[in-house]
1. Among the numbered criteria (1) modelled with pLDDT of 95 or more; (2) part of a loop (DSSP other than H, G, I, E, B), which single criterion is violated by P225?
2. List the pairs whose first member sits in segment 202-215 and is at positive phi, whose second member is of a type outside the set (S, T, Y) and assigned to a helix (DSSP H, G or I), and whose Cβ atoms are under 8 Å apart, counting only residues at least 6 apart or on separate chains?
3. Would you check which residues across segment 57-99 are touching a Gly at 6+ places or on another chain (Cβ under 8 Å) and surrounded by 20 or more Cβ atoms within 10 Å (Cβ to Cβ) and list them?
4. Of the conditions (1) under 18 Å from F44 (Cβ atoms); (2) surrounded by fewer than 17 Cβ atoms within 10 Å (Cβ to Cβ), D107 clears all except one; give me its number.
5. Answer yes or no: is there a residue in segment 34-46 that is more than 14 Å from C9 (Cβ to Cβ), out of contact with any Lys or Arg (no Cβ under 6 Å at 6 or more places or on another chain) and surrounded by 16 or more Cβ atoms within 10 Å (Cβ to Cβ).
6. Filter segment 47-66 down to the residues that are at pLDDT below 90 and of a type outside the set (S, T, N, Q), then identify the one that is farthest from the chain's Cα centre (by Cα).
7. Is it the case that some residue within segment 255-274 is modelled with pLDDT of 70 or more and surrounded by 13 or more Cβ atoms within 10 Å (Cβ to Cβ)?
8. With the requirement that a residue be within 22 Å of R84 (Cα to Cα) and acidic (D, E), what does segment 113-169 give you?
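The values are calculated or read from the model by the stated rules, or taken from the named source; none is laboratory data. Because the structure is predicted, anything quoted here is derived from the model rather than measured. Please note: Cβ atoms are built from the backbone with ideal geometry, for glycine as well, and neighbour counts cover all protein chains shown.
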Amino acid sequence: MGAGEIHYCTVCRQLVKRPFRPGPNGRPGARCPRCRGLERHRFFALLLDLIGPQLTHVETVLDIAPTPQSISCLSALEPSRYLRLDLGLDNRLVDALGDITRLPVRDACVDLLVCYHVLEHVPDDHAAIAELARVLSPGGLALVQVPIRFGTTTDEDPSAPEAERVVRFGQADHVRYYGDDFEDRLARHGLAFHRILPADLLGPALCDYLKVEHAEPVWVVRRGPAPVEPVAFPGLISLHDAMLTQLANRTRERDRARRRVEGQRPPRPLQVRIADRVRASVRARRS
């Protein structure tokens, strides 16, 4: 983030004037200096706001491999039951320990399920996807994200050594890198979906302002053959582009006015400047 740039973090809901910090693998400008949220967390928070009208009757939320950012966003929905679940291999804040291939919840009871960057860790992802389908309520939604390379088929090998996994899949604890057939895997287990790209929903200018990756997709998933309605808001992109243009113009006007004021300030009197130098010299000798 350049000097003087301001961005808005949708997770901590704050204007951020400090530079965003590097993310995993040194990715520049990824992590919010306030809440430590990454690009995917910022789009997740925004997506929850946008699909809010569909979440008016959320009773049970299941957050698989929760993060501080997802906990903050999902807690704001005030669900009757919020279950945070993980294997327990690190220090995540969870309510229960469990395996995504054997979720410890009954059939058709989850109204909102979050599964972000989990399936690429799971050797038997078909069993995991089947569990997502099993626990979703008839009107429930799942928000799913995986690392994916479009234009390829899934590359996977759970038996590959760690060094090879880093090269092929991006991390030592990943067992695959998804390709175009990821959506076939969802459909095979009776899940309907709609793929959302941040740039398609928000436009490039707003993605840049919110520090969101343009082409990092999220799948909105439901049970059943009926297609998921697209998340779309006609005119949203043009509205935000106009707002951002106005904000940029006002920022430039403010900066020009500040420079004019600073240029009009009278020089400090010679006696004051000499006194400052004497005091600085005395401090230097004492140290």
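1. Only one criterion is unmet by P225, namely (1).
2. Every condition considered, the pairs that remain are G203/L236; G203/I237; G203/H240; G203/D241; K211/E39; K211/R42.
3. Across segment 57-99, the qualifying residues are Q69, L85, D86.
4. (1)
5. First pass over segment 34-46, keeping only residues more than 14 Å from C9 (Cβ to Cβ): none.
There is no residue in segment 34-46 that is more than 14 Å from C9 (Cβ to Cβ), out of contact with any Lys or Arg (no Cβ under 6 Å at 6 or more places or on another chain) and surrounded by 16 or more Cβ atoms within 10 Å (Cβ to Cβ).
6. Across segment 47-66, the extreme among qualifying residues is H57.
7. No, because not a single residue in segment 255-274 is modelled with pLDDT of 70 or more and surrounded by 13 or more Cβ atoms within 10 Å (Cβ to Cβ).
8. E120, D124, D125, E131, listed by residue number.
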